[in-house]
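**Student:** My questions all concern the structure below.
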Amino acid sequence: MKPPRPYLLMEANHRQLTASPPRVAVLPWGATEAHNRHLPYGTDVIEATRVAERAAELAYERGAKVAVLPTIPFGNDEQQLDQACTISFRTATAAAILNDVARSLVKQDVDRLVILNAHGGNQFQPLVRDAQGEYGLLIVVANFYQMAPDVAKATFQEPGDHADEMETSLLLHLCPELIELGEAGPGPRVPFAISALNQPGVWTPRPWSKSHPDTGSGNPAKATAEKGARYFEAVTEALAKLLVELSNAQKGQLPYV
């Protein structure tokens, strides 16, 4: 049997954490929502958890003092509340959670926090500014789906941002037993009838079920487990590098002040 991994809070024990206190905490944050007709509702939770765990493993092997916290399973899904069993955290809820996590960590001298985000509807910038100003810790947001862009561009052919080729490939690599690829819809997007809303610099939320009839955004047909493995390796390596540098950072090194 393998011993508990000291870089995963769900496994680590008090003896391990007392002997080697973490300097950097990782908070995986996902969402629970429909992902086309072929991916599980827990897609974002699975992605956030597995990317954080593997990156922390790599960083730990390189000497980083890091602890992955339990994953937050709900995100902002206000535009998907007409879909069965969607749970949405409002911004005030997310802010309260982040503030209590930050408040708890600084009392234990953990003053570096990475939010590993797997859901595009989660917008953390103003929350981070407020929490960082109040509690004095360095908070970094890492949206895994925006990391390793060169690898993503070279690997995936079909554009999308939800249950698309990238996410489907990643899940085929991580948990193929949960994927029903033969049931997948093509992930079309119905364009806004108000054409001026489509110009750069203009934004409004998509009424998701009407904008995306099968709840997907991007065609997953070309997804493969091999593509998912390639992207997973690139993203976890990039995140591990971040964790190592944050763990080794000294006060005064911008932006760690």
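**Student:** Could you list the square roots of 5 times each eigenvalue of the Cα gyration tensor of segment 50-123, that is, the equivalent ellipsoid semi-axes, sorted largest first and rounded to whole Å?
**Tutor:** Working: eigenvalues 151, 56, 13 Å².
Over the Cα atoms of segment 50-123, the semi-axes work out to 27, 17, 8 Å.
**Student:** Let me ask you something else. Within the set K107/K241; K65/K222; K2/K241; K2/K227; K153/K241, which residue pairs have Cα atoms separated by over 32 Å? Each step should come with its number before you reach the end.
**Tutor:** On the way: K107/K241 26 Å; K65/K222 39 Å; K2/K241 25 Å; K2/K227 29 Å; K153/K241 21 Å.
Table pairs above 32 Å Cα-Cα are K65/K222.
**Student:** What translational D, rounded to a whole number of µm²/s, comes out for segment 115-257 from Stokes-Einstein when the hydrodynamic radius is the Kirkwood one over Cα pairs, at 4 °C and 1.567 mPa s?
**Tutor:** Numbers: Rh = 17.6 Å.
Reported coefficient: 74 µm²/s.
**Student:** Something else: Quick check on packing: order 224-232, 53-61 by the mean number of other C-beta atoms within 10 Å, highest mean leading. Provide the component values of the computation, followed by the final result.
**Tutor:** Working: 224-232: 19.0, 53-61: 21.3.
Result, highest mean Cβ count within 10 Å first: 53-61, 224-232.
**Student:** Please report M1, M147 as a ranked list, fewest other C-beta atoms within 10 angstrom at the top and most at the bottom. Working shown, then result.
**Tutor:** Details: M1 3, M147 19.
With the fewest neighbours first, M1, M147 line up as M1, M147.
**Student:** At a threshold of 8 angstrom on Cα-Cα distance, excluding pairs fewer than six apart, so keeping six or more, what relative contact order does segment 14-248 reach in percent? Can you show the working numbers first?
**Tutor:** On the way: 439 pairs, mean separation 64.8, N = 235.
Relative contact order comes out at 28 percent.
**Student:** Can you put H162, H38 in order, fewest other beta carbons within 10 Å first?
**Tutor:** Details: H162 26, H38 21.
Final ranking by Cβ density, sparse to dense: H38, H162.
**Student:** Here's another thing I want to ask about it. For a quick check, take a GNM of the chain with Cα springs below 10 Å and name the residue from S169, S104, S195 with the largest mean-square fluctuation.
**Tutor:** With Cα springs under 10 Å in the chain, the top fluctuation among S169, S104, S195 is at S195.
**Student:** Cα extents of the chain along the three principal axes, largest first, in whole Å?
**Tutor:** 56, 41, 34
**Student:** How many percent of DSSP beta bridges within the chain run antiparallel, rounded to 5? Before the final figure, lay out the partial values.
**Tutor:** Working: 4 of 23 bridges.
Counting DSSP beta bridges with both partners in the chain, the antiparallel share is about 15 percent.
**Student:** Per residue of segment 119-126, in order, report the coupling 6.51 cos²θ - 1.76 cosθ + 1.60 (Karplus, θ = phi - 60°) as ³J(HN,Hα) in whole Hz, putting x for Gly and Pro.
**Tutor:** Each residue's phi maps through the Karplus curve to give 10, x, x, 7, 10, 9, 3, x Hz.
**Student:** Along the charge dipole of segment 1-77, which of S20, I46, N36 sits closest to the positive end, that is, farthest toward it, with unit charges on the beta carbon of Lys, Arg, Asp and Glu (+1, +1, -1, -1)?
**Tutor:** Going by the Cα projections, it comes out as S20.
**Student:** Follow-up. Return the FRET efficiency for the residue pair D82, E158: r is the Cβ-Cβ distance, R0 is 41 Å, and the value is rounded to the nearest 0.05.
**Tutor:** Numbers: r = 26 Å, r/R0 = 0.64.
Given R0 = 41 Å and the Cβ-Cβ separation, E is 0.95.
**Student:** Could you give the length gained by full extension between T224 and Q125, i.e. 0.36 nm per residue of separation minus their alpha carbon distance, to one decimal place? Please list the in-between numbers first.
**Tutor:** Working: separation 99, 0.36 × 99 = 35.64 nm, distance 3.32 nm.
Stretched out fully, the T224 to Q125 stretch lengthens by 32.3 nm.
**Student:** Rounded to the nearest 20 Debye, what is the dipole magnitude of segment 14-248 about its Cα centre when Lys and Arg each give +1 and Asp and Glu each give -1 at the C-beta? Kindly include the intermediate steps, with their values, before the conclusion.
**Tutor:** Numbers: 20 positive and 28 negative charges, 110 e Å.
For segment 14-248, the charge dipole is close to 540 debye.
**Student:** May I pose another question? So what is the 222 nm mean residue ellipticity for the chain from helices alone, if each DSSP H run of at least 4 adds -39500 (n - 2.57) and you divide by all residues, rounding to the nearest 500 deg cm²/dmol? Spell out each step's value before the answer.
**Tutor:** On the way: 8 runs with 97 residues, N = 257.
The helix contribution divided over the chain gives -11500 deg cm²/dmol.
**Student:** Less than 14 Å from a label point 7 Å out along the Cα-to-Cβ axis of I97: which backbone N atoms in segment 135-167 qualify, by residue?
**Tutor:** Within reach of a label on I97: no residues.
**Student:** Which net charge results when you count Lys and Arg as +1 and Asp and Glu as -1 among the other residues whose beta-carbon is under 9 Å from that of P220? Please report the intermediate quantities before stating the final value.
**Tutor:** Values: positive: K222; negative: E158, D164, E165, E167.
Its environment carries a net charge of -3.
**Student:** For the residue pair E233 and V106, what label-to-label distance in nm results when each label sits 7 Å from Cα along the Cα-to-beta-carbon direction?
**Tutor:** Taking the two extended label points, one gets 4.1 nm.
**Student:** Farthest toward the dipole's positive end in the chain, which of V202, T91, N76, given Cβ charges of +1 (Lys, Arg) and -1 (Asp, Glu) about the Cα centre?
**Tutor:** The listed residue farthest towards the positive side: T91.
**Student:** Can you give me the Cα centroid spacing of segment 52-92 and segment 189-257 in angstrom?
**Tutor:** 14
**Student:** With each pseudo-label sitting 7 Å past Cα toward Cβ, what's the C175-A196 distance in nm, one decimal?
**Tutor:** 4.4
No lab work stands behind these numbers, since they all come straight from the coordinates. All figures in this text were calculated on a predicted structure; none of them were measured in a lab. Cβ sites come from the backbone with ideal geometry, for glycine too, and all protein chains shown count toward neighbours.
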